1. Rounded if a/c is under 1.5, else prolate if a/b beats b/c, else oblate: with a ≥ b ≥ c from the C-alpha gyration tensor eigenvalues square-rooted, which is the chain?
2. Specify whether the C-alpha gyration tensor of the range 95-141 places it in the rounded, prolate or oblate class, a ≥ b ≥ c being the square roots of the eigenvalues: rounded for a/c under 1.5, otherwise prolate if a/b is larger than b/c and oblate if not.
3. Run the helix sum for the chain: -39,500 (n - 2.57) per DSSP H stretch of 4+ residues, divided by residue count, reported at 222 nm to the nearest 500 deg cm²/dmol.
4. Report the extension gain between Trp30 and Val144 in nm, rounded to one decimal, defined as 0.36 nm multiplied by the number of residues separating them, less their alpha carbon distance.
5. Can you list residues whose amide H is under 5 Å from Glu130's amide H, if they're 5+ apart or on another chain and H is modeled 1.01 Å from N?
6. Take the chain, mark every one of the trypsin sites (Lys or Arg not before Pro) that falls in a DSSP loop and has at most 10 other Cβ within 10 Å, then report the longest stretch left between them, sites excluded.
7. Please identify, among Gly123, Gly105, Gly47, the residue showing maximal mean-square fluctuation in a Gaussian network model of the chain using a 10 angstrom Cα cutoff.
8. Quick one: what are the phi-derived ³J(HN,Hα) couplings along the range 133-138, Karplus 6.51/-1.76/1.60 with θ = phi - 60°, whole Hz, x for glycine and proline?
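Quick note: the coordinates plus some simple rules give every number you see, no bench work behind them. All of these numbers come straight from a predicted model, not from anything done at the bench. Note: ideal-geometry Cβ built from the backbone for every residue, glycine included; neighbour counts use all protein chains shown.
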Amino acid sequence: EGGVGDGDVVPRAPGACRGLRSFALRRMSWEFYKVVFRRTGLAPEHGAALLCFWSAVAFGLLGLFFGVSFKGIGVRALALQFLLQGVLSGFVASYTYFYAVKIFGAARSAAAAALVPVLAALGGAVFLGEALGPPKALGIAVVVCGVALASGGLRRGQRRLQ
């Protein structure tokens, strides 16, 4: 039996590959959206606003179709959820990402986005006491090296040395 966190590297549960396929499809759809955004020439705030608007429409339709109940949820909890998920995670994160796409291009921004799981793993270790273990540490190292190569950060450093 593997150690803590091995399931993140080698999925053993039945049906685990469905989740991985779903993740890959979501990632591809986001990359498609990002490339389309880049080609439209929209400002980052307009791209983020459009993304939030259509997400709200989609969630509203899903809520009408499947039903939504807010019973037992306080106003403070709903307001906090709106702030964290709607404003920060929805608009601010989209805006900053689209700003990066506008400034650095789609490819470099995609490379930087690969750091999200790295930051989540490190945050889990620091704030939640989760064990990193050798498989996760190796994964973090590979991703960081890949981002450095893909972003051109290493090439810029070599130019300065010459």
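1. It comes out oblate by the Cα gyration axes.
2. Oblate.
3. Computed mean residue ellipticity for the chain: -24000 deg cm²/dmol.
4. Going from the current span to full extension adds 38.9 nm.
5. HN-HN under 5 Å from Glu130: Ala125.
6. The segment 72-162 is the longest one with no such site.
7. Per the Cα network of the chain with a 10 Å cutoff, Gly123 tops the list.
8. For the range 133-138, the Karplus-derived couplings read x, x, x, 5, 4, 5 Hz, x marking Gly and Pro.
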